């Protein structure tokens, strides 16, 4: 008889996990084995689960991003399509007069009416007056001096009057008129004519009633310190540079203001789109509430109706706020433009009709940086500041020399009695010979510490300006780098947001269908209703994120043009002076039809300098042919250690031409022959000392 008899039982039912194993007998010693097997199964299952979770901690980021980029590039090739809310954005939302506006109209009104732009353009005009002020030092000065002296003094010497007279009575009148000026080479020229009349009681005064005349010309010319047109015109040259800096600062401010106005315009588009989203969400919720209210006596639970009513009132509040946000955006845009044509919010409704871009703007970082260096006003302003610092250093080094002046004077004189001024004037040229004098003046401070200190100061100032120039270049490169990256990222973000919106819409559709099938008041129906309301909110949020991505891409393209300095050209905005015979008294800003963004490309060739201050509306074809002078990059090097000051290729400063207005003939700063080198700009039009 066996030790463990077999226990026969009724066959067990098949187990679902195996579907094939049936237990007809059970040995007692098999129970521990089954228990151990279950434990091993749980341990192995948990380890596999943990390994699956840890697998996401071990990844190749480069490969992930490469796959994402490949998907984004493929998706970016597809043109963007319009959304359902676009027609609502361009439809009237209030019971006032609609005013459709595109971006071209907004910018046109801005350049003519914006107070911020008017304030900015006043600064170059103010600084330009300094040119005439500095140049007026070389104007002719007319003068006239007269004096009448009647003297009566006691006589201490009998030879003074002769005879027995004890007082000397003398009457003298003198009148001198002439003209003097400082020449552009540093000389002092003075031409004068003096007439005099004198009579007294002296017996030795012959003839009586004397009329005198003297024609005098004097000229003092510096031989060392103060010589040359370059030194004496330095103040005029610095005023011109300062005006050109103001012009470039104005251009930078103008582009920044246009960018902000564009941002405000697209923000109005965004708020109107959000209002359409909130309207749709409100109507969806209202439909749910009405459906539940109609079934209230049948199977609708009170909690469902309360939940729908709460959601409806919250969305009604959001709708009210969205409607106010649209009006506020209109008001901000009107405030920035300040044009009466736009009316006010109670009279007109601004409706943005500018279509969102559907194309992809291709960029190349190095090309954009090259364009920015040639066109950004900040770089040109920094170049002008270094130019001014180089000029000041040259002036300071020039002042190390001693003062050595050649002083000359010559005159013609005539004299007649009986107050005959006519004959006295004639005798100047017919009687006697000219008188003259020649001499030298020398002056040099002991140690010359003042001049040396100024040279040291100007050297440090120039080094600082060169560092500021390098900083400006780096700032522009950084800004362009970020602008290019933001442009590419925003385009890829549109694709991602579009997919997220599609997924959210699919979720709402699924949950809504489930809720419609189970709208019986059960607990499951309440959960479906709450899920549906939350899913609708997610769709509205996804719609807002998608339209925000679209508008971000539009602004990124405008910001790209501002970053590379071509915003004015692409928007066909011209800046020109309004001048008359007495100077330029205004800056005229105008706007033509914009250049399409997809066709606007600026690729400067080596050595080209693209000008913004054109004085006329820019043409779409911006291939600039450099002048021969602009190719001479090796013509000058700023050298602060040279005893000769600043070395230049030629002394091209025209000493007799008068002040050069930055408006005259070309754009502000366009007369400079400048090459932007890493160690600092190089000039070819600085004067030689």
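Just so you know, all these numbers are worked out from the coordinates, no wet-lab data involved. Just so we're clear, the structure is a prediction, and the values are computed from it rather than from any experiment. Reconstructed Cβ throughout: ideal geometry from the backbone, glycine too, with neighbour counts over all protein chains shown.
Using a Debye calculation, one point per C-alpha and no hydration shell, please list log10 I(q)/I(0) for segment 342-392 at q = 0.16, 0.20 Å⁻¹ in order.
Evaluating at q = 0.16, 0.20 Å⁻¹ gives log10 I(q)/I(0) of -0.73, -0.81.
Between residue 408 and residue 97, what's the calculated FRET efficiency when r is the beta-carbon distance and R0 is 56 Å? Round to 0.05. Mind showing how you got there, number by number?
Working: r = 80 Å, r/R0 = 1.43.
The computed FRET efficiency comes out at 0.10.
Need the full-extension length gain, residue 305 to residue 183, defined as separation in residues times 0.36 nm minus the C-alpha distance. One decimal, nm.
Fully extending the segment from residue 305 to residue 183 adds 34.4 nm.
Modelling each spin label as a point 7 Å along the Cα-to-Cβ direction, I'd like the residue 141/residue 193 distance in nm, to one decimal.
2.2 nm
For residue 324, project a label point 7 Å along Cα to C-beta. Then give me every residue of segment 349-365 with its amide nitrogen under 15 Å of that point.
Backbone N within reach: none found.
Counting other beta carbons within 10 Å of each residue's own, what order do 437, 293, 531 fall into, fewest first?
Working: 437 10, 293 13, 531 17.
So the ranking, lowest neighbour count to highest, is 437, 293, 531.
Residues in segment 183-200, backbone N under 15 Å from the label point at residue 157 (7 Å along the Cα-to-beta-carbon vector): list them, ranges by number please.
none
Rounded to the nearest 0.05, what FRET efficiency do residue 317 and residue 366 have when you use their Cβ-Cβ distance and R0 = 45 Å? Walk me through the numbers on the way to the answer.
On the way: r = 51 Å, r/R0 = 1.14.
The computed FRET efficiency comes out at 0.30.
Hey, rough spin-label estimate for residue 43 and residue 353, points 7 angstrom out along Cα→Cβ, what's it come to in nanometres?
Once both label points are built, they end up 7.7 nm from each other.
Could you give the length gained by full extension between residue 593 and residue 430, i.e. 0.36 nm per residue of separation minus their alpha carbon distance, to one decimal place?
On the way: separation 163, 0.36 × 163 = 58.68 nm, distance 7.44 nm.
Working it through step by step, the gained length comes to 51.2 nm.
If the viscosity is 1.567 mPa s and the temperature 4 °C, what Stokes-Einstein diffusion coefficient in µm²/s follows for segment 378-490 when Rh is the Kirkwood radius over Cα pairs?
Details: Rh = 20.2 Å.
In µm²/s, the coefficient is 64.
Quick one: P(r) of segment 261-344 from all Cα-Cα pairs, 10 Å bins, percents rounded to integers, in order of increasing distance.
18, 32, 21, 16, 10, 4
For a Förster distance of 35 Å, can you work out the FRET efficiency between the beta-carbons of residue 345 and residue 503, rounded to the nearest 0.05?
Numbers: r = 38 Å, r/R0 = 1.08.
FRET efficiency, residue 345 to residue 503: 0.40.
Just want the ordering: 151, 552, 253, from fewest to most Cβ atoms lying within 10 Å of their own Cβ. Kindly include the intermediate steps, with their values, before the conclusion.
Numbers: 151 11, 552 20, 253 17.
Listed from fewest to most nearby Cβ atoms, that is 151, 253, 552.
Order by neighbour count: 106, 39, 337, 511, fewest other Cβ atoms within 10 Å first, most last.
Working: 106 23, 39 10, 337 27, 511 19.
The most exposed by this proxy come first: 39, 511, 106, 337.
If each of residue 119 and residue 208 carries a label point 7 Å out from its Cα toward its Cβ, how far apart are those two points in nm?
7.8 nm
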